[in-house]
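Visitor: Quick one: the structure is below, questions incoming.
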Amino acid sequence: QVQLVESGGDLVQAGGSLRLSCAASGIIFSINTMGWYRQAPGKQRELVARISSAGTTNYADSVKGRFTISRDNAKNTVYLQMNSLKSEDTAVYYCSANAFSLWYWGQGTQVTVSS
């Protein structure tokens, strides 16, 4: 089992920045890819960014150049630095981790961007 706890969500003005954190615990040695997803009201959950155990990253087109995903394996934590936030970034952000071919999810953290 892998447990994920997100933090860092907040209310921020458009153009501002936030950094989300996700701390993993449990069978952490088994974790491969970690990622951030988001779900806005009335919309499906979508991939924001992901990072492999080797550090390879992928981003949604909508966040390229504005968001950066990083990973600290010593702290078992993944981060999402979000800059130049827009109102359309408003959503619940979920951390995910892949281990033993299963996907684990955090409880989510709310990011609200006011225009």
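Visitor: Could you give the length gained on full extension between S84 and W105, defined as 0.36 nm per residue of separation minus the Cα-Cα distance, in nm?
Guide: Contour length minus Cα-Cα distance gives 5.0 nm.
Visitor: Below 18 Å, Cα to Cα, which lysines can K64 reach? Residues fewer than 8 away in the same chain don't count.
Guide: The reachable lysines, counting only those whose Cα sits under 18 Å from K64, are K86.
Visitor: Mind listing which chymotrypsin sites (Phe, Trp or Tyr not before Pro) in segment 1-65 are in a DSSP loop and have 12 or fewer other Cβ atoms within 10 Å?
Guide: none
Visitor: Given the chain reduced to its alpha-carbon atoms as identical point scatterers, what log10 I(q)/I(0) does the Debye formula return at q = 0.12, 0.20 Å⁻¹?
Guide: Debye output, listed in q order: -0.37, -1.02.
Visitor: Give me the net charge of A24's neighbourhood, meaning all other residues with Cβ under 15 Å from the Cβ of A24; Lys, Arg count +1, Asp, Glu -1.
Guide: Net charge around A24: +1.
Visitor: For the pair S62/S114, report the inter-label distance in nm, with labels modelled 7 Å from Cα in the Cβ direction.
Guide: Inter-label distance under the simple model: 2.2 nm.
Visitor: Related question: Show the residues, 5+ positions off or on another chain, whose built amide H is closer than 5 Å to the amide H of F67.
Guide: Counting only residues 5 or more places away or on other chains, the set is N83.
Visitor: How much length is gained on full extension from L11 to Q44, taking 0.36 nm per residue of separation minus their Cα-Cα distance?
Guide: 9.7 nm
Visitor: Turning to a different aspect of this structure: Over the chain, what is the mean sequence separation of C-alpha contacts under 8 Å (at least six apart), divided by residue count, expressed as relative contact order in percent?
Guide: Once normalised by length, the contact order is 37 percent.
Visitor: Related question: Please list, in order along segment 24-31, the HN-Hα scalar couplings obtained from phi with the Karplus expression 6.51 cos²θ - 1.76 cosθ + 1.60 (θ = phi - 60°), rounded to whole Hz, x for Gly and Pro.
Guide: 9, 9, x, 7, 5, 5, 8, 6
Visitor: Can you sort T56, T33 by 1.4 Å-probe accessible area, starting with the largest?
Guide: Order by accessible area, largest first: T56, T33.
The values are calculated or read from the model by the stated rules, or taken from the named source; none is laboratory data. Keep in mind that this is a model prediction, so the values were computed, not measured. Heads up, the Cβs are rebuilt from the backbone with ideal geometry, glycines too, and the neighbour counts pull from every protein chain shown. We work out accessible area using only protein heavy atoms, side chains counted, and drop any ligands, DNA or RNA first. Shrake-Rupley method; radii C 1.70, N 1.55, O 1.52, S 1.80 Å.
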